Amino acid sequence: MLSFNTAVGSRYSAAVLTLPLVLIHSNEVLNKAGLKTIRETIDMINKLTLSICAVLIGTSSYAQAKQPEFAIHHCKAAEINAQHYRNFPDALLEAQKRQESIAAVKQARQDNRYKSADGSSYVDMLAISDSPTYVIPVVFHVYGTVHNGDTVNDAVILDALHKTNEDFQGQTADFADIDPEFDGVKDSLNVEFRLASIDPDGNPTSGIIYHPQSSGAGNYSSSDVKNDHWDNYKYMNVYIQNDLYADGVTNNSGVAWYPDSGMSDEGLARVTYNGAYLGTNTDENFRSVLTHEFGHFLDLIHTFEGGCKRGAVKRCGKTGDKSCDTPQQNSWQMNPGDGGILNCLGETINWQNFMAYSDQYANYTQDQVDRMVNGLNSSARQTLWSASNLAATGTAD
């Protein structure tokens, strides 16, 4: 859940409400203020109220201009996936079997690298090119077009998807501006998420479907998801709502499930996201939370999963986020000046990682890209980017 600072406004509101009672009912206050009549008292109240309202307006504008702040449950992927595995043991077995394939993917990706001319570094053959290695057909289901006062329309969605593609492909300015400790391990995935142009019935589509306002698509068995989904083996379904859990809270940002064939069979595989934090509806950094959720869809785990434990270092491929090149984090709250960037082992964390809660989203790592490539080859995701499916969904080059 995202949190906003309303304490200042609350204190001033209380002052506005209580000041008239104090002035009118206290002779001592009246005498000290040098006021002789109720008229003078009311005049002074009016002046003070106007001054306080000016402060409130100023602080309110500032609060809206600030980046939304992260909180511990801002993305509930860890909780909802853990619950999913408790409810469906077969899903856990599938995830464990998928984990066993990562070593082969890592080796294959290493074999596709070559040394630069001076032998100083490796370049990934899956890196950015004019023709993406993976294309994922996407459909956006939009419920209501005003989210926390912000409009969700085609332009906002197109911008958001374009910027998420840039994030994955390492095409942003921030990708070149990360801590030097991670220059050697930062990586990109040559993937493009494209809006479908052919719907399940073979008709033309924009890939953006508008529905009446609704809520709860962040809940596992959402009726909206059950009723409105497109074939999960052909389309990546993204649900845009303002109240993700139908609990009246409209400042949760998003949630997503890891690959699972059982969910795809039932039409429940998805990313759910708050339109108030989509593309230009939020600031340049926070819009990358959509990239964060897409990362979960491709099997990435939070970098702060499990906290920081000295004994976990030798088991980094099986604990935490299961990526050995993302140092453990003490907690979700670690940024420069906010929790610090040194973990319990004194290591600098990759605080700019898309799978953290970052003040400057910038990169994935090589191990994370290995994990996403492995996820893309899972039974729940591999049909999405097949040549036959790209033709069927109108997303082929």
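The values are calculated or read from the model by the stated rules, or taken from the named source; none is laboratory data. Computed from a predicted structure; not experimentally measured. Please note: Cβ atoms are built from the backbone with ideal geometry, for glycine as well, and neighbour counts cover all protein chains shown.
Based on what the data block shows, is Met372 of a type in the set (A, V, I, L, M, F, W, C) and within 20 Å of Asp179 (Cα to Cα)? Even if it seems obvious, please write down each step before you answer.
Working: of a type in the set (A, V, I, L, M, F, W, C): yes; within 20 Å of Asp179 (Cα to Cα): no.
Answer is no for this residue.
Can you say whether Asp265 is in contact with a helix residue (DSSP H, G or I) (Cβ under 6 Å, 6 or more places away or on another chain) and more than 17 Å from Asp159 (Cβ to Cβ), as far as the supplied structure shows? Against the criterion (in contact with a helix residue (DSSP H, G or I) (Cβ under 6 Å, 6 or more places away or on another chain) and more than 17 Å from Asp159 (Cβ to Cβ)), Asp265 does not qualify. Any residue that is surrounded by 19 or more Cβ atoms within 10 Å (Cβ to Cβ), touching a Phe, Trp or Tyr at 6+ places or on another chain (Cβ under 7 Å) and charged (D, E, K, R) - is there at least one of those in the stretch 291-302? So far as the stretch 291-302 goes, yes, one or more of its residues are surrounded by 19 or more Cβ atoms within 10 Å (Cβ to Cβ), touching a Phe, Trp or Tyr at 6+ places or on another chain (Cβ under 7 Å) and charged (D, E, K, R). Screening the stretch 362-397 for residues that are under 16 Å from the mean Cα position of the chain (by Cα) and in a strand (DSSP E or B) and picking the one that is surrounded by the fewest Cβ atoms within 10 Å (Cβ to Cβ) gives Asn363.
From the set of residues in the stretch 354-376 that are of a type in the set (S, T, N, Q) and out of contact with any Lys or Arg (no Cβ under 9 Å at 6 or more places or on another chain), which is farthest from Trp332 (Cα to Cα)? Talk me through it step by step, then tell me what you get.
We begin by selecting, within the stretch 354-376, every residue of a type in the set (S, T, N, Q); these are 358, 360, 363, 365-366, 368, 374.
Now restrict to residues that are out of contact with any Lys or Arg (no Cβ under 9 Å at 6 or more places or on another chain): 358, 360, 368.
Values: Ser358: 9, Gln360: 14, Gln368: 18 Å.
Ranking the qualifying residues of the stretch 354-376, first place goes to Gln368.
For (1) at pLDDT 95 or above; (2) hydroxyl-bearing (Ser, Thr, Tyr); (3) assigned by TED's automatic domain parsing to the domain that holds Gly279, each residue gets a yes or a no:
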{"site": "Val156", "(1), (2), (3)": "yes, no, yes"}
{"site": "Asp159", "(1), (2), (3)": "yes, no, yes"}
{"site": "Thr172", "(1), (2), (3)": "yes, yes, yes"}
{"site": "Pro180", "(1), (2), (3)": "no, no, yes"}
{"site": "Phe193", "(1), (2), (3)": "yes, no, yes"}
{"site": "Pro204", "(1), (2), (3)": "yes, no, yes"}
{"site": "Ile208", "(1), (2), (3)": "yes, no, yes"}
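Residue pairs whose Cβ atoms lie under 9 Å apart, sitting 6 or more positions apart in sequence or on different chains, and linking a residue in the stretch 327-348 that is more than 19 Å from Arg310 (Cβ to Cβ) to a partner that is among the aliphatic types (A, V, I, L, M) and in a loop (DSSP other than H, G, I, E, B), are Trp332/Ala71; Trp332/Ile72; Trp332/Ala356; Gln333/Ala71; Gln333/Ile72; Asn335/Ile341; Asn335/Ala356.
Regarding Leu300, is this residue farther than 14 Å from Gly218 by Cα and part of a loop (DSSP other than H, G, I, E, B)? Yes, satisfied.
Go through the stretch 313-361 and give me each residue that's outside any loop (DSSP other than H, G, I, E, B), of a type outside the set (Asp, Glu) and modelled with pLDDT under 85.
Val313, Lys314, Arg315, Gly339
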